[in-house]
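Single-structure report; data block below.
The values are calculated or read from the model by the stated rules, or taken from the named source; none is laboratory data. Everything quoted here is computed from the prediction, not taken from an experiment. Note that each Cβ is placed from the backbone with ideal geometry, even for glycine, and that neighbours are counted across all protein chains shown. Protein only, heavy atoms only, side chains kept; ligands, DNA and RNA dropped before computing areas. Shrake-Rupley method; radii C 1.70, N 1.55, O 1.52, S 1.80 Å.
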Amino acid sequence: MSVGRGGVRRPEAVAGWLFVAPMVAVLGVFLLLPIGMALWVSLTGWNGQGSPFQPGVPFVGARNYTQLFLQEGLTRDHFMISIRNNLYYVAAAVPAQTVLALGLALVVDRRWLRGRTFFRSAYYFPSVTSSVAISVVFLFLFANSGAVNALLAYLGIDGPQWFADPRGLIHLALGGLGLADPDAPPAALADHGLFGLSWWEWLAGPSVAMTTIIMLVVWTTAGTFMLIFLAALQDVPPQLREAALVDGANAWQRLRHVTLPMLRPALFLVVTLGLIGTWQVFDQIYVMSQGAPANTTLTPAYLSYRTAFGDFEYGTGAAISFVLFLIIVASTLLQRWLMRERDGSAPRRRWWQRMRRTS
């Protein structure tokens with residue numbers, strides 16, 4: 001009987017392929033085939049009428065991609081604005097939801113905490129609630145006469161017009177500190193830039209409206225990531241914590257040198273899912289702002305939808321989707337490289353070595 005690669009006998013290999021053939025066919029028809037069709041659309045000037053594969057559809061090659069980066073015009077301006085907005089969105093939302101989820105997991109993992117089941121369910125509840133419903137609730141809460149501004153007024157603070165304020169937080173901070181005038185930015189930043197946006201525009205920071213959406217997303221996603229961290233905490237051997245406690249480590253040292261190293265796989269998963277989710281944000285933007293005010297909440301995912309189904313430029317919309325896909329893959333690989341294990345020693349061995357050196 002012939003043996004193939006990896007020591008698998010040929011009849012077993014054939015049987016294995018027969019078992020997975022239905023799923024391979026399903027993935028090919030409903031995943032790979034649509035991706036290939038969308039890739040073809042991104043190379044054409046299809047306007048949505050008829051079939052994109054009919055002979056009359058113009059083939060434009062890479063023009064839909066080059067106009068996103070190289071050709072001056074509204075297409076590049078809107079795309080770069082969406083990239084800038086999403087970069088700030090990722091930079092704020094991913095660390096915030098990761099830290100909040102880890103903190104919640106550490107709290108509800110305490111054995112002495114009464115009502116742990118209730119708190120776990122309460123923290124997780126926003127994650128299973130409809131994002132559209134929560135977005136509508138946030139619209140009412142952060143309205144000009146909503147509960148948030150009413151609370152701020154009670155404290156003597158004049159609340160902003162949350163979903164109508166396009167000012168960036170970095171611009172506001174620089175203006176508040178007297179380092180720069182938002183209405184008259186420095187010429188060195190206003191007269192030079194990259195991809196059609198000045199450096200002053202790149203350094204705007206998330207707008208007040210985008211900050212509200214970030215708070216919503218952090219609140220709704222922290223519960224799911226809390227469960228991932230909580231499951232990982234259950235697998236931390238209690239002997240490690242007990243050994244650290246016997247060696248005289250305080251709570252912060254146990255967290256830093258014992259718990260966090262053991263949570264590295266869960267942390268990698270949470271950050272990866274957070275990166276993918278934040279780059280794909282769409283439903284909150286669609287419900288709460290649709291890119292307004294002044295395109296400061298515009299994201300690539302929503303821009304792709306608006307370009308294709310609003311402006312009927314399906315080729316450009318598909319091109320934006322594939323550029324977004326490449327950005328997600330690149331950012332995931334980057335954070336995988338940054339979070340890689342830099343030495344082969346186990347967390348327990350590292351902890352004991354540190355404790356011996358300090359003793």
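Observations, loosely collected:
- The residues on offer are VAL236, VAL246, VAL258, and the sole one that is over 14 Å from the mean Cα position of the chain (by Cα), among the β-branched types (Val, Ile, Thr) and open to solvent by 40 Å² or more (accessible area, probe 1.4 Å) is VAL246.
Yes/no per residue for (1) of a type outside the set (D, E, K, R); (2) on the phi > 0 side of the Ramachandran plot:
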{"site": "TRP17", "(1), (2)": "yes, no"}
{"site": "VAL20", "(1), (2)": "yes, no"}
{"site": "VAL26", "(1), (2)": "yes, no"}
{"site": "GLY36", "(1), (2)": "yes, no"}
{"site": "VAL41", "(1), (2)": "yes, no"}
{"site": "PRO55", "(1), (2)": "yes, no"}
{"site": "GLY61", "(1), (2)": "yes, yes"}
{"site": "GLN71", "(1), (2)": "yes, no"}
{"site": "ARG76", "(1), (2)": "no, no"}
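- Checking each residue of the range 230-242 against the condition of being under 24 Å from ILE328 (Cα atoms) and touching a residue at least 12 places away in the same chain (Cβ under 8 Å) gives no match.
- Options GLY168, GLY175, GLY156; residue that is farther than 28 Å from SER130 by Cβ, out of contact with any Cys (no Cβ under 8 Å at 6 or more places or on another chain) and open to solvent by 60 Å² or more (accessible area, probe 1.4 Å): GLY156
This table checks each residue for (1) of a type outside the set (Phe, Trp, Tyr); (2) within 29 Å of the chain's Cα centre (by Cα).
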position: ASP109; (1), (2): yes, yes
position: PHE138; (1), (2): no, yes
position: TRP162; (1), (2): no, yes
position: PRO185; (1), (2): yes, no
position: LEU194; (1), (2): yes, yes
position: GLU201; (1), (2): yes, yes
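- Within the range 91-105, tally of residues that are over 20 Å from ARG167 (Cβ atoms) and surrounded by fewer than 21 Cβ atoms within 10 Å (Cβ to Cβ): 6
- For the range 182-197, a residue qualifies if it is touching a Gly at 6+ places or on another chain (Cβ under 9 Å) and open to solvent by 80 Å² or more (accessible area, probe 1.4 Å), and exactly one does: ASP183.
- Those residues of the range 124-153 which are more than 25 Å from PHE282 (Cβ to Cβ) and open to solvent by less than 50 Å² (accessible area, probe 1.4 Å), in sequence order: ASN149, LEU152
- When residues in the range 86-110 are screened for being assigned to a helix (DSSP H, G or I) and over 14 Å from LEU263 (Cα atoms), 16 of them pass.
- Those helices (runs of 4 or more DSSP H) lying entirely in the range 1-85 with at least 1 residues more than 30 Å from PHE282 (Cα to Cα) and modelled with pLDDT under 95: 10-27
- Remark: VAL217 falls outside the filter, which requires a residue to be touching an Asp or Glu at 6+ places or on another chain (Cβ under 9 Å), under 30 Å from ALA164 (Cβ atoms) and open to solvent by less than 20 Å² (accessible area, probe 1.4 Å).
- Pair list, Cβ < 9 Å and 6+ apart or interchain, from the range 311-329 residues that are of a type in the set (D, E, K, R) to residues that are in a helix (DSSP H, G or I): ASP311/GLY317; GLU313/ASN64; GLU313/THR75; GLU313/THR307
- Here GLU72 passes the criteria (1) without any contact (Cβ under 8 Å) to a residue 40 or more places away in the chain; (2) open to solvent by 80 Å² or more (accessible area, probe 1.4 Å) except the one numbered (1).
- Qualifying residue in the range 49-66 (condition: open to solvent by 70 Å² or more (accessible area, probe 1.4 Å) and of a type in the set (S, T, N, Q)): yes
- Out of ASP191, ASP165, one residue alone is modelled with pLDDT of 85 or more, touching a Pro at 6+ places or on another chain (Cβ under 9 Å) and either at positive phi or of a type in the set (D, E, K, R) (or both). It is ASP165.
- Among the residues listed as ALA204, ALA209, the single one being touching a residue at least 12 places away in the same chain (Cβ under 8 Å), in a loop (DSSP other than H, G, I, E, B), touching a helix residue (DSSP H, G or I) at 6+ places or on another chain (Cβ under 8 Å) and open to solvent by less than 40 Å² (accessible area, probe 1.4 Å): ALA204
- Hey, ALA330 among the small types (Gly, Ala, Ser), in contact with a helix residue (DSSP H, G or I) (Cβ under 7 Å, 6 or more places away or on another chain) and either at pLDDT 65 or above or outside any helix (DSSP H, G or I) (or both) or not: no
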